[in-house]
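To keep things clear, I will list the structure first and then write my remarks on it.
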Amino acid sequence: MALLIVYLTHPDEATAQNISDTLIEEGLAACANIFPMKSSFIWQGEHEHGDEFVSLLKTRPELGDALEQRIIELHPYEVPCVLRLGGRANAEYEDWVNTNTHSE
């Protein structure tokens, strides 16, 4: 078995929580961990620094495309950071993720 972990940045905590809650309620993610971070990046040719929030979403690999599409629909950023990372976990946790996610 395997898991898909999606790393997603947000402009603020409320956005991170709202998007995470929506994805969980829709069955596209089983859970999300949300925490603050500092970012340094190039945007439109300028070096920027900012406070953001990141969420780590856990789901099934086969839900990756649907999850990404839904994130793009919900996210306020013009170019959201949606990084897909493969992972493995203990069998009980992977079973829990599979039980709490579903495709339409």
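The values are calculated or read from the model by the stated rules, or taken from the named source; none is laboratory data. Not measured: the values here are computed from a predicted model. Ideal geometry is used to build each Cβ from the backbone, glycine not excepted, and the neighbour counts take in all protein chains shown. All accessible areas refer to the heavy atoms of the entire protein, side chains included, with ligands and DNA or RNA removed. Shrake-Rupley method; radii C 1.70, N 1.55, O 1.52, S 1.80 Å.
Using a probe of 1.4 angstrom and keeping all protein chains present, the accessible surface of the chain works out to 59 square angstrom per residue. For the chain, trypsin sites (Lys or Arg not before Pro) are listed when DSSP marks them as loop and at most 15 other Cβ atoms sit within 10 Å of their Cβ; the list is Arg88.
As a fraction of the 1.4 Å probe accessible area of the chain, surface on carbon and sulfur atoms comes out at 52 percent.
Taking 0.36 nm per residue of separation and subtracting the Cα-Cα distance, full extension of the segment from Gln44 to Ala14 would add 8.3 nm. Measuring nothing but alpha carbons in the chain and taking Rh as the Kirkwood radius, the Rg to Rh ratio lands at 1.00. Note on the chain: with charges restricted to the Cβ of Lys and Arg (+1) and Asp and Glu (-1), its dipole about the Cα centre is near 360 debye. Between the Cα long axis of helix 64-74 and the first principal axis of the chain there is an angle of about 40°, rounded to the nearest 10. Dividing the helix sum by the residues of the chain, where each DSSP H run of 4 or more adds -39500 (n - 2.57), gives a mean residue ellipticity at 222 nm of -9500 deg cm²/dmol. Working note: Karplus 6.51/-1.76/1.60 with θ = phi - 60° gives the stretch 29-37 the couplings 9, 8, 6, 9, 9, 10, 8, x, 7 Hz, where Gly and Pro are set to x.
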